Structure formats: C-alpha cells, structure tokens
1. Condition test on Thr26, is it touching an Asp or Glu at 6+ places or on another chain (Cβ under 6 Å), under 29 Å from Leu101 (Cα atoms) and either modelled with pLDDT of 85 or more or crowded, with 19+ Cβ neighbours inside 10 Å (or both)?
2. Return the pair list, or none, for Cβ contacts closer than 6 Å from residues in the stretch 116-136 that are polar (S, T, N, Q) and surrounded by 15 or more Cβ atoms within 10 Å (Cβ to Cβ) to residues that are part of a helix (DSSP H, G or I) and at pLDDT below 95, at least 6 apart or on different chains.
3. Is it the case that some residue within the stretch 153-162 is among the small types (Gly, Ala, Ser) and within 17 Å of Ser89 (Cα to Cα)?
4. Spot the failing condition for Tyr147; the list is (1) at pLDDT 95 or above; (2) in a loop (DSSP other than H, G, I, E, B), and only one is missed.
5. Condition first: aliphatic (A, V, I, L, M) and either at pLDDT 95 or above or in a loop (DSSP other than H, G, I, E, B) (or both). Now tell me which residues in the stretch 70-99 satisfy that.
6. Would you call Pro198 surrounded by 13 or more Cβ atoms within 10 Å (Cβ to Cβ), out of contact with any helix residue (DSSP H, G or I) (no Cβ under 8 Å at 6 or more places or on another chain) and at pLDDT below 55?
7. Only residues that are at pLDDT 95 or above and among the acidic types (Asp, Glu): list them for the stretch 113-142, please.
8. Scanning the stretch 100-133 for residues that are among the β-branched types (Val, Ile, Thr) and outside any strand (DSSP E or B), which turns out farthest from Arg66 (Cα to Cα)?
Amino acid sequence: MSERDESIEDYFDEKVKLMIIGETRTGKTSLISRYCKNEFSGSVYMSTMGIDFQIKNLEMNSKKIRLQIWDTAGQERFRNIAKNYFQSSDGFVIVYDIANLESFQTLDYWVEEIKSNSQELSKMILVGNKCDIIQERQVKKEEGKEYAKKKNMKFYEVSAKDGTNVNKAFDTLLKDILNSYSPSELMKKRGSKMLSVPILVQPQKKSSCC
C-alpha cells in the first residue's frame, strides 16, 4: 500500500465491510448504486459476474466511516467465490425481489451460508426490493416482516428505482454494526486493512433492467 493510501485509510475513524447477497436479478447492484451514487440505470441490466465492490465515505455517530459494499453474483457457479469474502464482512444485506416468489423462497439458503461462513458478530438485514412495482407483487410485505422477525433481522421494503428506504436500510445496518463492537474490538478493526483488489469479471449487458 502506498503512503497516499495509508494516509487515506488513517483519515477514517472506522472501516466497515458489507456484502449484499441474494438470487440473481433481484437488483443488488442497483441498490448499491442508489446508496453510493444516488443513481439508477433502468435501461440495461448489468449482471455481476463474480464479485465487485463500491466505496462510500460518510459520517455517522460523529465518526468518519469508510464503507466498502461488496456486490456478489447470485448465479450458482459464482457462489463459492462469494463465500471467500464472508469471513471478513461486518454485515450482510440479504435481498429478494417482491415480484419474484422464488427469490423469497431461497432466503433460508443465504441465511445459512452467512451463519456457516461469517464471523460471529456479523449483522444481517433483510430487504424486499422493487416495491415500486406493487402491481406485480408475489410476496406480501407481511411475509417479509414475519421471516425477518423469525431470523432476528430488521426488515425494509425498498426500491432501487425511486430510492424508497434504500438509505434507511443501509444506514440502519451500519449503525447496528458500529453499536455492536466493544472498544477493544473497534481498536482491532481500525488496525485491519481492507481488501483493495476484488475478483472482477466484466458484466454482461442484458435487455431488461435489474
């Protein structure tokens, strides 16, 4: 790491890693773009191949936070790659599509993957994406709430398209993470280095949005 990179890292009080996971075509990449850049590209579906990440710098609880959000491919052939990043993640955003019942029915798989491969203190939040297309809904809001309650997670229905609850969901998870560490654990985290080189494969363009 260069001296410039070291000075950038030292500027922040806390460094946090999140992973966003779920089935393919649930809008995971779009949620990250909405949260980090306040952008939404609805004309082209960009399928993540492997794993990628984006960075957001923000202030919370009077502290400067450097946040990495890792974007994982939902396709089965890339799932073993994603597992390699679970252990170093502080929290997980689990995403399903309210207009795709199958993406909700596979939530148990993702929850178990987190429990089996992540650190003990990792936090989770459940989000039902695409709440802007209520007319196509296949999963009731109450079903999402009940599932999250059963798994001891907080829950939001969100829309990457119009921004509904996106900031609230990510910020809620981040606050839970920051409030969960003891002073000694925070000191240890401050000394840790974030991964700087992700596994990247060029995304494929498809005709429909995610």
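1. Details: touching an Asp or Glu at 6+ places or on another chain (Cβ under 6 Å): yes; under 29 Å from Leu101 (Cα atoms): yes; either modelled with pLDDT of 85 or more or crowded, with 19+ Cβ neighbours inside 10 Å (or both): yes.
Here the answer is yes, as Thr26 does meet what is asked.
2. Asn117/Lys83; Asn117/Phe86; Ser118/Phe86
3. So the first thing to find is which residues in the stretch 153-162 are among the small types (Gly, Ala, Ser), and the list is 159-160.
This time we only want the ones that are within 17 Å of Ser89 (Cα to Cα), so: none.
No, there is no match, as no residue in the stretch 153-162 is among the small types (Gly, Ala, Ser) and within 17 Å of Ser89 (Cα to Cα).
4. (2)
5. Applying the first criterion (aliphatic (A, V, I, L, M)) to the stretch 70-99 yields 73, 81-82, 93-95, 98-99.
Scanning the stretch 70-99 gives Ala73, Val93, Ile94, Val95, Ile98, Ala99.
6. On the way: surrounded by 13 or more Cβ atoms within 10 Å (Cβ to Cβ): yes; out of contact with any helix residue (DSSP H, G or I) (no Cβ under 8 Å at 6 or more places or on another chain): yes; at pLDDT below 55: yes.
Judged against the criteria, Pro198 is a match.
7. Residues satisfying the conditions are Asp132, Glu136, Glu142.
8. Step one: list which residues in the stretch 100-133 are among the β-branched types (Val, Ile, Thr), which gives 106, 111, 114, 125, 127, 133.
Still in the list and also outside any strand (DSSP E or B): 106, 111, 114, 133.
Details: Thr106: 31, Val111: 26, Ile114: 23, Ile133: 33 Å.
Residue satisfying both the conditions and the ranking: Ile133.
The values are calculated or read from the model by the stated rules, or taken from the named source; none is laboratory data. Note that the coordinates shown come from a computational prediction; the quantities given were computed from them, not determined experimentally. Backbone-built Cβ (ideal geometry, glycine too); neighbour counts: all protein chains shown.
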